[in-house]
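Here is the structure we will look at.
The values are calculated or read from the model by the stated rules, or taken from the named source; none is laboratory data. For clarity, every value in this text was computed on a predicted model and none was experimentally measured. Ideal geometry is used to build each Cβ from the backbone, glycine not excepted, and the neighbour counts take in all protein chains shown. Note: accessible area is taken over every heavy atom of the protein model, side chains too, but ligands, DNA and RNA are not part of it. Shrake-Rupley method; radii C 1.70, N 1.55, O 1.52, S 1.80 Å.
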Amino acid sequence: MKIASWNVNSLKVRLPQLTQWMAEAQPDIVALQETKLEDAKFPVDELAAAGYRAVFSGQKTYNGVAVLARGHTPTDVVTDIPGLDDPQRRVLAATVGDLRVVDLYVVNGKAVGDPKYDYKLDWLAKVREFLAREHERYPNLVVLGDFNIAPDDRDVHDPVAWRDSVLCSVPEREALHAITGLGLYDSFRLFEQDAGHHSWWDYRQGAFRRNLGLRIDLILLGDALKGAARAAAIDRGPRKWERPSDHTPVTLDLDI
């Protein structure tokens, strides 16, 4: 089974790229972030024609998450976390076969010290509480998405320049560590320990060509699935296409 996560930065714009990539990569489950579509405009028929059934939670212009599955209709869907008062569509949990999938589009935070940064840390704390309950109920848990946090300095093209900045600050990394401390593993780091692997690059300053990026798109898996992990990768191909998202897909192969 292949699982993928991709911040498409507008599904309306990137739908042809998504369907092309899925036809080539053949993922079984795809979590999307920043779909930027109201639910009534979600391309259900187009994705069905591509072989995928979808659940989604969206809004106009901003945010939006979706889970696509091949051969399964995702069930037991959760879009609102108890105790988290957030009208923004950033969380989507669903069951696909034997897996419980939680798709996250984590708050950006804008800048350290900004009210949005404080909200990000509070948001992450409440999401951690939700994930703790999900992990208890569903041992086969996969948590994936755009975390807007580079886990450590290996995931940053210039750790000195980014030190103490949003996406790389100590409190954000501690919040992410609190989540992985629930018994979740960063699947990419099960296979690759080196620096220089990124999943997001700014559109400016030739950042992709120069590999000036961050690894902020993650697939975390629970203890029960760790032994089933066979490969993890960052597919840089779609970032080279015309009108790309600023993110590229990340994937995990499981032997289940």
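On the stretch given as the stretch 26-55, residues that are touching a helix residue (DSSP H, G or I) at 6+ places or on another chain (Cβ under 9 Å) and assigned to a helix (DSSP H, G or I) total 4.
Taken as a whole, the stretch 8-16 holds at least one residue that is more than 19 Å from the chain's Cα centre (by Cα), over 23 Å from L220 (Cα atoms) and either open to solvent by 70 Å² or more (accessible area, probe 1.4 Å) or of a type in the set (K, R) (or both).
Taking every residue in the stretch 120-136 that is crowded, with 22+ Cβ neighbours inside 10 Å and pairing it with any residue that is modelled with pLDDT of 95 or more and assigned to a helix (DSSP H, G or I), at least 6 positions away or on another chain, the pairs with Cβ-Cβ distances below 6 Å are L124/A175. Listed by position, the strands (runs of 3 or more DSSP E) enclosed by the stretch 67-115 that each have at least 3 residues that are of a type outside the set (S, T, N, Q) and open to solvent by less than 40 Å² (accessible area, probe 1.4 Å) are 91-96, 99-105.
Yes or no: the stretch 50-59 includes at least one residue that is out of contact with any Leu (no Cβ under 9 Å at 6 or more places or on another chain), at negative phi and either free of Cβ contacts under 8 Å to residues at least 12 places away in the same chain or open to solvent by 20 Å² or more (accessible area, probe 1.4 Å) (or both).
The answer is no; no qualifying residue exists.
Within the stretch 137-157, being under 16 Å from the mean Cα position of the chain (by Cα) and surrounded by 23 or more Cβ atoms within 10 Å (Cβ to Cβ) holds for L141, V142, V143, L144, G145, D146, F147, N148, I149, A150, D155.
Looking only at the stretch 56-66, residues that are in contact with a helix residue (DSSP H, G or I) (Cβ under 9 Å, 6 or more places away or on another chain) and in a loop (DSSP other than H, G, I, E, B) come to 4 in all.
Just checking: which of the strands (runs of 3 or more DSSP E) contained wholly in the stretch 140-256 hold 1 or more residues that are touching a Cys at 6+ places or on another chain (Cβ under 7 Å)? The strands (runs of 3 or more DSSP E) meeting that bar number zero.
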